[in-house]
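Derivation of every value follows stated rules applied to the coordinates shown; laboratory data play no part. In this text, all values refer to a predicted model and were calculated from it rather than measured experimentally. Glycine also receives a Cβ, built like all others from the backbone with ideal geometry; neighbour counts cover every protein chain displayed.
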Amino acid sequence: MASNCLLFLLLQAISAMFGKYVYVEKQKNWNDAQDHCRKKYTDLAPISNEYDFNLLFEQTNADRKHDSIWIGLMRDPANTEQWLWSGGCKVVRTFWREGQPDNHKNQEDKGQIYKDLTWNDIKGTATSTFFCYKVHVVREKKTWEEALDHCRRHHRDLASVASETELMLMKKELGTLTEAITEHVWIGLRFLAEDWLWVDGQPLEYEAWGLEGKPWCPMLQRCAALQVTVVNGTTDVTQWNARQCDDELHFLCY
């Protein structure tokens, strides 16, 4: 019963939040939109699953005057049949409009999302508003629950990791730091009600546990943190591990 109550309290704040997505109502071509997102936020937005789609639906539904909006979709220059996210990984799940992508005149190398949330390929020189993705690195040592409270007070939530692309974007953000970072950083994954759950409501579809795998029924290590390694000045993030929730670590918000 206690764990169910805690689960309710952790999840109740997710409604009407867009979290990792930022809508930018400026008309730019795709490259300029990407540049804007990388300078002001983290990158153009990836879409990992239906949960992300629903977040975008809530946001685009608030303003229907723009027919199409840039997201981080781009053709692989080395293989035009393959689509990539701006963050660097292959697109796994697609939501193309019927008949798309058609690569009209072999010039449509970027992707937009329509009001109905289907995708269309189009020339990157077209102009449109756009969605950015943002993750914040907080260099304050806190327990997991303190980190959760900080993120919800100052941002949206402790960050979830919905895909390999998002993991790469977090690695990129951590790699921009010039100050030292703890060897692990908190994310919003916790063992509750006999399962590991993202506290923002994201389904746990993508997993990147370390060599020991996912711990079931952990006695003490019931909170997850990304492992951060720095070798010769290069930051690498490839996995997460279970930690004791009262460990004091830096953390990721969105």
query: Can you give the angle from 0 to 90° between the axis of helix 144-154 and the longest principal axis of the chain, with both taken from C-alpha atoms, to the nearest 10?
result: 40 degrees
- prompt: Spin-label point model (7 Å from Cα, Cβ direction): what's the Gln107 to Lys90 distance in nm?
  reply: 3.0 nm
message: Restricting to DSSP H runs of at least four residues, report the calculated mean residue ellipticity at 222 nm for the chain, -39500 (n - 2.57) per run over all residues, nearest 500 deg cm²/dmol.
response: -6500 deg cm²/dmol
message: Suppose we take every Cα in the chain and form the convex hull; what volume per residue is that in Å³?
response: 139 Å³
field: Out-of-range pairs (alpha-carbon distance over 30 Å; input Lys28/Lys142; Lys26/Lys172; Lys115/Lys142)
entry: Lys28/Lys142; Lys115/Lys142
field: Solvent-free Debye scattering, log10 I(q)/I(0), computed from the Cα coordinates of the stretch 21-133 at q = 0.16 Å⁻¹
entry: -0.65
message: Could you work out the relative contact order of the stretch 21-133? I mean the mean sequence separation of Cα pairs under 8 Å and 6+ apart, divided by the number of residues, in percent.
response: 42 percent
- line: Tilt, helix 30-40 to longest principal axis of the chain (alpha-carbon atoms), in degrees rounded to tens, equals 30 degrees
message: What do you get for the angle between helix 2-11 and the principal long axis of the chain? Use alpha-carbon atoms, 0 to 90 degrees, nearest ten.
response: 30 degrees
- request: State, in angstrom, two size descriptors of the stretch 75-215 derived from its alpha carbons: Rg to one decimal place and Dmax to the nearest whole number.
  value: 18.5, 55
- prompt: How would you rank His184, His104, going from fewest to most other Cβ atoms within 10 Å of each one's own Cβ?
  reply: His104, His184
task: Fewest Cβ neighbours within 10 Å first, please rank Met219, Met74 accordingly.
output: Met219, Met74
statement: Rg (one decimal) and Dmax (whole number) from the Cα set of the stretch 140-223, in Å, equal 13.3, 39
query: With charges only on Cβ, +1 for K and R and -1 for D and E, what is the dipole size of the chain about its Cα centre, in debye, rounded to 20?
result: 660 debye
